[in-house]
Structure formats: C-alpha cells, structure tokens
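Read the structure below first, then the notes.
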C-alpha cells in the first residue's frame, strides 16, 4: 500500500526555492511556492538535468542545463506540452515534508 514518506524538514525549503531530496530509490525536486510545498521528479525529461537545482519563478522551474521549464504543481512541461515529469502528492506534518510514493 502506498504511504507518505519524509523527504525534508519544512525549514529546509525556503519560499521561492527548491531542493533535491532522495528517498526510497527516487530523486525528487521539492519546491516551496508561496508557502505551499510541491514535489516532482528531479530528472528533466529533455536531457536528465537536475530540476531541483533550477531557478523557480512562481510555479515554474527552469532546468539549469538547457532551459526547459516545468510547472512544479503538475509536472507539465511549458516548452513541450507533450512532455511531463511525475508530480507527487505532498503533505506537511508538523515540520516534516512527506510525499506519497506510488509503488
């Protein structure tokens, strides 16, 4: 059964920024958009750049390698509507940021 797993402390994700978090064999990009936490797959579907290291502008992160842009709330690619990275359900429990990982 899928379960929420801790990926970070809330204090580690500053508003307007993202981090890279690894858990259960997955690497996630976790972002703070105006106090709401979102998580997507860290790997850009263009050339596998690290999305969690990209610059966040509102709800859109720009991959630092080649500039592809993704909406962090849905995982949808702004540059190429047919491309998408996985988005994960997030819960904040106290100071813990948890993500629902599907098997």
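Expressed as a rounded percentage, what relative contact order does the range 1-54 have, with Cα pairs under 8 Å and six or more residues apart?
27
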Fewest-first ordering of 55, 102 by Cβ atoms within 10 Å yields 102, 55
Quick calc: nm separation of the 7 Å Cα→Cβ label points for residue 78 and residue 5 -> 3.0
Going from the fewest other Cβ atoms within 10 Å to the most, one would list 61, 85, 97, 33 as 33, 85, 97, 61
One would report the Cα pair-distance distribution of the range 3-91, bin width 10 Å, in %, as 20, 57, 22, 1
Using the Kirkwood radius over Cα pairs of the range 43-103, the Stokes-Einstein translational diffusion coefficient at 20 °C and 1.002 mPa s, in µm²/s and rounded to a whole number, is 174
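Counting other beta carbons within 10 Å of each residue's own, what order do 47, 69 fall into, fewest first?
If I rank by nearby Cβ atoms, fewest first, I get 47, 69.
Bear in mind these aren't lab numbers, they're just calculated from the coordinates by the rules spelled out. Worth saying up front: this structure is predicted, and the values here are computed from it rather than measured. In this analysis, Cβ positions are derived from the backbone assuming ideal geometry, glycine residues included, and neighbour counts consider all displayed protein chains.
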